[in-house]
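Enquirer: Starting off with a structure, shown below.
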């Protein structure tokens, strides 16, 4: 058997292969347009990895989105079971069958078990049945799920291989775009159990179900599309009520429009520090240790949107609705009023309740439904708690790219681990993606804990470089004068600078 | 084997043989079956040979997975035999006659 090694690189063939849009969210992005048209793609994955759902959705999207009829060949589950199982996604296969758009072929080899076997036989009839079904509904898409059942029940591996080879051959000649699923036993290892990839290896898609730090993580990877391009690597996906959603990491056109329109931060002094306010489609990160007023800044930002008549969603991952309302009231902000006016939506959920993909999809759904001009996330670090570093990075990347495409202003908070100075994982992963970064720090001066705020980044705009002292009271946030005569504030251990030194420094900066 | 293997008199056997065109397996199955029928079922059988390439809908209705396939439609219950029917005893056994 001529086994191919996993990492083998093929020379790039310069050939144009037309693509068939699958209609599955994110998959067409990975496939640079879809599956290679008129060809067969093998989808391998372990048990429970989502192969059958992918297969059914591929057929369903074709019928729903592109008016392309389909044939679903099942070697494993009974048609009735498949129909029943996908009802939860809202896919009414019975209706499509009645409309003549779909045929489900029951080819479960178990039927054969009651038959007597006498002498030589072959499986060419299966191809005839598939051909017949394709002609009957004028199918453009075919799914064969899954060929393993055939191998295990029929046993004669060589014979079955030949059948599959013939399948692929005749399906390709019929001009249909086929998806064949096959089961594998390991997540990383040989592509499939029976070496079928040798026959249908032109295009291989792998779905994985990995347990990572006690959390389930689904990924999808296009291993190869011969003669055609596709995105490389593993991409996380999730199975939602609407089917499969793949989250292309860099989903991510960098063509996100940018605006010069400013929006109010909710604090006049802060607007001044940023050169007139945040940009209306920017991502703002507020970073600081616990108790420095991140939630306050979030609240003010939210209120400012409402005051301007803009819709806003507040995603709270650390506090309950009641806590938020009470806190806001203590700063003189009435969130309830804005909520009743329909301008504010508060979404409270502990991050532990779902996986990162689900969080992201929830956020997206909320945004699609409410259509806010601004969102606030308090806090991103809460996510850090429940995600692996890798998933967190993907989460942040995805979120920011989505926000940018929607032209929504987003303010995210991040909690630093140490009281004085320091940085958090959030900062490290999000900083390059953000347009503005506000740093809040405790400053130890003369035996007192004071608070300092500075804008360290404001993309596309002038911003103040000084570190300002601020005070929080019953009326909110008050930004005072810059700290004078001290240095090393950001590291937390402020040190007085003598008058002489200060003047020397001034001279130096003037020279530059 | 000295066992009585004659089909019961007065009974009528309705058989269908599904084949795929003129493939070697199909041709062999037809030859083998006709021989068995003339030896054991003279005058009491009705055979229909169905080419599933010409009549794929019939293969679909019967959910046929492999050919050649012999189906005993009558008497009930339905019995199915897959293969080129090269062993007479096994065929008779499969037809529930032996």
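The values are calculated or read from the model by the stated rules, or taken from the named source; none is laboratory data. The model shown is predicted, which means the values in this text are computed figures rather than measured ones. Here the Cβ positions follow ideal geometry from the backbone for every residue, glycine too, while neighbour counts run over all protein chains shown.
Table: residues versus (1) more than 27 Å from residue A:29 (Cβ to Cβ); (2) at pLDDT 85 or above.
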residue: A:230; (1), (2): no, yes
residue: A:242; (1), (2): no, no
residue: A:274; (1), (2): yes, yes
residue: A:292; (1), (2): yes, yes
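Enquirer: Let me ask you something else. Check residue A:102 against each of (1) closer than 16 Å to residue B:60 by Cβ; (2) surrounded by fewer than 17 Cβ atoms within 10 Å (Cβ to Cβ) and name the one condition it does not meet.
Expert: Residue A:102 satisfies every listed condition except (2).
Enquirer: Please go through the range B:63-76 and give me each residue that is more than 7 Å from every other protein chain (Cβ to nearest Cβ) and either within 19 Å of residue A:120 (Cβ to Cβ) or modelled with pLDDT under 85 (or both), ordered by number. I'd like the intermediate steps shown before the answer.
Expert: So the first thing to find is which residues in the range B:63-76 are more than 7 Å from every other protein chain (Cβ to nearest Cβ), and the list is B:69-76.
Those that are more than 7 Å from every other protein chain (Cβ to nearest Cβ) and either within 19 Å of residue A:120 (Cβ to Cβ) or modelled with pLDDT under 85 (or both): B:69, B:70, B:71, B:74, B:75, B:76.
Enquirer: Of the residues that make up the range A:379-399, is at least one touching a helix residue (DSSP H, G or I) at 6+ places or on another chain (Cβ under 8 Å), buried (at least 21 other Cβ atoms within 10 Å of the Cβ) and assigned to a strand (DSSP E or B)?
Expert: no
Enquirer: Related question: Return the residue satisfying two criteria in turn: it lies in the range A:120-141 and is more than 7 Å from chain B (Cβ to nearest Cβ) and not in a helix (DSSP H, G or I), and of such residues it is nearest to residue A:159 (Cα to Cα).
Expert: This residue is A:141.
Enquirer: Has the range B:78-93 got at least one residue that is buried (at least 21 other Cβ atoms within 10 Å of the Cβ), over 29 Å from residue A:133 (Cβ atoms) and within 7 Å of chain A (Cβ to nearest Cβ)?
Expert: yes
Enquirer: Another question about this same structure. Does any residue of the range A:252-266 turn out to be at pLDDT below 85, farther than 30 Å from residue A:453 by Cβ and surrounded by 23 or more Cβ atoms within 10 Å (Cβ to Cβ)?
Expert: no
Enquirer: For the range A:94-108, name all the residues that are in contact with a helix residue (DSSP H, G or I) (Cβ under 9 Å, 6 or more places away or on another chain), more than 14 Å from chain B (Cβ to nearest Cβ) and farther than 16 Å from residue A:144 by Cα.
Expert: If we filter the range A:94-108 for residues that are in contact with a helix residue (DSSP H, G or I) (Cβ under 9 Å, 6 or more places away or on another chain), which is where we start, we get A:94, A:96-97, A:99-108.
Now narrow it down to the ones that are more than 14 Å from chain B (Cβ to nearest Cβ): A:94, A:96, A:99-102.
Of everything in the range A:94-108, those that are in contact with a helix residue (DSSP H, G or I) (Cβ under 9 Å, 6 or more places away or on another chain), more than 14 Å from chain B (Cβ to nearest Cβ) and farther than 16 Å from residue A:144 by Cα turn out to be A:94, A:96, A:99, A:100, A:101.
Enquirer: Only one of A:426, A:418, A:432 is crowded, with 20+ Cβ neighbours inside 10 Å and modelled with pLDDT under 80. Can you tell me which? Explain how you work it out, then say what you get.
Expert: On the way: A:418 fails: crowded, with 20+ Cβ neighbours inside 10 Å; A:432 fails: crowded, with 20+ Cβ neighbours inside 10 Å.
Exactly one residue qualifies, and that residue is A:426.
Enquirer: Within the range A:73-109, work out how many residues are outside any helix (DSSP H, G or I) and under 28 Å from the mean Cα position of the chain (by Cα).
Expert: Final tally of qualifying residues: 3.
Enquirer: Identify, please: which residue in the range B:41-62 is free of Cβ contacts under 8 Å to residues at least 40 places away in the same chain and touching a helix residue (DSSP H, G or I) at 6+ places or on another chain (Cβ under 6 Å) and is, among those, nearest to residue A:147 (Cα to Cα)? Give the derivation first.
Expert: Initial filter on the range B:41-62 (free of Cβ contacts under 8 Å to residues at least 40 places away in the same chain): B:41-57, B:60-61.
After this cut, where a residue has to be touching a helix residue (DSSP H, G or I) at 6+ places or on another chain (Cβ under 6 Å) as well, the list is B:45, B:50, B:52-53, B:56, B:60.
Working: B:45: 38, B:50: 27, B:52: 22, B:53: 23, B:56: 22, B:60: 19 Å.
Top of the filtered list is B:60.
Enquirer: If you go through the range A:317-337 one residue at a time, do you hit one that is within 20 Å of the chain's Cα centre (by Cα) and modelled with pLDDT under 90?
Expert: So far as the range A:317-337 goes, yes, one or more of its residues are within 20 Å of the chain's Cα centre (by Cα) and modelled with pLDDT under 90.
Enquirer: Follow-up question, since we're still on this one. Taking the residues in the range A:323-344 that are surrounded by fewer than 19 Cβ atoms within 10 Å (Cβ to Cβ) and in contact with a strand residue (DSSP E or B) (Cβ under 7 Å, 6 or more places away or on another chain) as candidates, determine which candidate is farthest from residue A:300 (Cα to Cα).
Expert: Per the criteria, the residue is A:339.
Enquirer: Within the range A:281-295, is there a residue that is out of contact with any helix residue (DSSP H, G or I) (no Cβ under 6 Å at 6 or more places or on another chain), crowded, with 21+ Cβ neighbours inside 10 Å and farther than 14 Å from residue A:411 by Cα?
Expert: yes
Enquirer: Step by step: first the residues of the range A:12-25, then only those that are modelled with pLDDT under 85 and touching a strand residue (DSSP E or B) at 6+ places or on another chain (Cβ under 6 Å), then the one that is nearest to residue A:245 (Cα to Cα). Which residue is that?
Expert: A:25
Enquirer: Would you confirm whether any residue within the range B:37-56 is in contact with a strand residue (DSSP E or B) (Cβ under 7 Å, 6 or more places away or on another chain), within 13 Å of another protein chain (Cβ to nearest Cβ), part of a loop (DSSP other than H, G, I, E, B) and surrounded by 13 or more Cβ atoms within 10 Å (Cβ to Cβ)? Steps first, answer last, please.
Expert: Here is the first cut: in the range B:37-56, the residues in contact with a strand residue (DSSP E or B) (Cβ under 7 Å, 6 or more places away or on another chain) are B:37, B:41, B:44-52.
Among the residues that remain, those that are also within 13 Å of another protein chain (Cβ to nearest Cβ) are: B:50-52.
Next, only the ones that are part of a loop (DSSP other than H, G, I, E, B) stay: B:52.
Imposing the further condition that a residue be surrounded by 13 or more Cβ atoms within 10 Å (Cβ to Cβ) reduces the set to B:52.
Yes.
Enquirer: Among the residues of the range A:289-322, which ones are on the phi > 0 side of the Ramachandran plot and touching a strand residue (DSSP E or B) at 6+ places or on another chain (Cβ under 6 Å)?
Expert: If we filter the range A:289-322 for residues that are on the phi > 0 side of the Ramachandran plot, which is where we start, we get A:291, A:293, A:309.
Passing the criteria: only A:293.
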